[in-house]
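What follows is a set of notes on a single structure, which appears directly below.
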Amino acid sequence: MTSPRTEFADPDEQPLDDRPAGTGLWSGDTGALHERTRRVLLELLKGPYVSGAQNPGLWAALIADETSVRSRLHELFLDLVIDPVDEFAFTRKVVTEEIDVPSAVRSERLTFIDTAMLLVLRQLLLAAPGERRVIVGKDEVYDSLMIYRTGDESTFLRNLNGAWARMSNRLRVLHKVGDERFEISPMVRFLIDEDRVRELAATYRRIAAGEDGGAGDGDEGSAEAVDPAPDPDTTDPDIPDPDTSDPDTTTEEDAE
């Protein structure tokens, strides 16, 4: 009598696949990776990152089969970046001068307020060195952004709420941990590099002081490129004059 096969809705709840590599998962399967390795590879490609805290099973699979995952990503001109301390991993475009590397990323639009909010979240994260988790309230972040308000309060609040939703749902750098309390993902450190942070911060200070005409209501802000799955070729953005720039911000994300 054949035992019924157990189905698992959540990949993290599945037992480790102990079948030999190269064993097909279905009729006609020519893949060579274990099932769990395939799942973590897929999550990395979907982006923006794989978290050990959120997906311990996938994280264990990644660490156990890192060489195979890295090899498969290289076949797509992507590199694997792993932070073993905070336990998250993401992909980015391979950097080399030996060949012309094709892009495996797509663009998403972010507003001025989106970028300003990213900078605030990054500052809050770095202001708590050694802390395993950094928890903030929405009001705390919103108050830090009030200096960019140039229009009526309702419009500005709408733009703040839109930016907050994108931080939570699209970039996944905010995770709800209680009523009105959110944890900042360590991944936010990698969205903008140190040199660009200094340049952006200086520009935003000028905007806040009114020297650049202001762009605080979001849709008329400056252009800024960030990357939830960082690509060194696309994480070096420019901020044009907010009065003349495209109203949106571009972010690059690894294509699914």
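The values are calculated or read from the model by the stated rules, or taken from the named source; none is laboratory data. Computed from a predicted model, the values in this text were never measured in an experiment. Here the Cβ positions follow ideal geometry from the backbone for every residue, glycine too, while neighbour counts run over all protein chains shown.
For Asp65, the conditions (1) crowded, with 17+ Cβ neighbours inside 10 Å; (2) under 20 Å from Arg189 (Cβ atoms) all hold with the exception of (2). Scanning segment 189-209 for residues that are small (Gly, Ala, Ser) and either farther than 14 Å from Met117 by Cα or without any contact (Cβ under 8 Å) to a residue 24 or more places away in the chain (or both) returns Ala202, Ala209.
When segment 22-50 is filtered for residues that are modelled with pLDDT under 90 and either loosely packed, with under 12 Cβ neighbours inside 10 Å or touching a helix residue (DSSP H, G or I) at 6+ places or on another chain (Cβ under 8 Å) (or both), the ones remaining, listed by number, are Gly22, Gly24, Pro48, Tyr49. Considering Glu108, Glu131, the condition of being in contact with a helix residue (DSSP H, G or I) (Cβ under 8 Å, 6 or more places away or on another chain) and either at pLDDT below 90 or outside the structural domain of Gln54 (by TED's automatic domain parsing) (or both) is satisfied by Glu108 alone. Thr115 falls short on exactly one of the conditions (1) touching a Gly at 6+ places or on another chain (Cβ under 8 Å); (2) buried (at least 18 other Cβ atoms within 10 Å of the Cβ); (3) over 19 Å from Phe190 (Cβ atoms), and that condition is (3). With respect to Ala61, is the statement that it is of a type in the set (A, V, I, L, M), more than 18 Å from Arg170 (Cα to Cα) and in contact (Cβ under 8 Å) with a residue 24 or more places away in the chain true? Taking the combined requirement at face value, the residue satisfies it.
Would you pick out the residues in segment 85-102 that are under 14 Å from Met187 (Cβ atoms) and either of a type in the set (A, V, I, L, M, F, W, C) or surrounded by fewer than 17 Cβ atoms within 10 Å (Cβ to Cβ) (or both)?
Taking segment 85-102 as the starting set, the residues that turn out to be under 14 Å from Met187 (Cβ atoms) are 85-92.
Answer for segment 85-102, where residues must be under 14 Å from Met187 (Cβ atoms) and either of a type in the set (A, V, I, L, M, F, W, C) or surrounded by fewer than 17 Cβ atoms within 10 Å (Cβ to Cβ) (or both): Val85, Asp86, Phe88, Ala89, Phe90.
State which residue is surrounded by the most Cβ atoms within 10 Å (Cβ to Cβ) when the search covers only segment 142-190 and only residues that are over 28 Å from Ala53 (Cβ atoms) and of a type in the set (A, V, I, L, M).
To start, the set of residues in segment 142-190 that are over 28 Å from Ala53 (Cβ atoms) comprises 146-159.
Among the residues that remain, those that are also of a type in the set (A, V, I, L, M) are: 146-147, 157.
Values: Met146: 12, Ile147: 15, Leu157: 12.
Checking each candidate, the answer is Ile147.
Only a single criterion out of (1) part of a helix (DSSP H, G or I); (2) outside the structural domain of Ser51 (by TED's automatic domain parsing) is not satisfied by Glu98, namely (1).
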